[in-house]
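Working notes, beginning with the structure itself.
What follows is calculated from the coordinates using simple rules that are stated; it is not laboratory data. None of the values given here were measured: they were computed from a predicted structure. Glycine also receives a Cβ, built like all others from the backbone with ideal geometry; neighbour counts cover every protein chain displayed.
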Amino acid sequence: MRVSPALIERFTATLVKRLTSAEFVTVSAPEDKLRERVARILSDNFAEEAKIEAEAQQQAEKLVRQGAPGMRREDLDLRRVELLVKQRLAKERGFVL
């Protein structure tokens, strides 16, 4: 999933504001530092997901080209194979989709 930096910033600002105003968290650092850290974590998460998606797409294309025993290549759904490969890769890496 591609998310713009502006959207991440807006989401982060809203999240930090709501958590601190509702006193769900006690902040010992300046709010701007907290927003920067949350934004970095979200950006890293989306980047890792993009890497997994790209790798899943490559592996799925390879699998569909090879075919599966007992199935014709044209019966294989590339999108479905890609989704299954993505789920497997995420599970192997301990990444929550």
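So which residues in segment 1-56 are of a type in the set (S, T, Y) and not in a helix (DSSP H, G or I)?
Of the residues in segment 1-56, the ones of a type in the set (S, T, Y) are 4, 12, 14, 20-21, 26, 28, 43.
Once the filter is applied, which keeps residues that are of a type in the set (S, T, Y) and not in a helix (DSSP H, G or I), segment 1-56 yields S4, T26, S28.
Which of the residues belonging to segment 50-77 are surrounded by 13 or more Cβ atoms within 10 Å (Cβ to Cβ) and over 20 Å from the mean Cα position of the chain (by Cα)?
E61, L63, V64, G67, L76 - these are the residues of segment 50-77 that are surrounded by 13 or more Cβ atoms within 10 Å (Cβ to Cβ) and over 20 Å from the mean Cα position of the chain (by Cα).
Could you grab me the full set of residues in segment 1-42 that are among the polar types (S, T, N, Q) and touching a helix residue (DSSP H, G or I) at 6+ places or on another chain (Cβ under 6 Å)? Walk me through it before giving the result.
Residues of segment 1-42 among the polar types (S, T, N, Q): 4, 12, 14, 20-21, 26, 28.
Residue satisfying the conditions is T12 alone.
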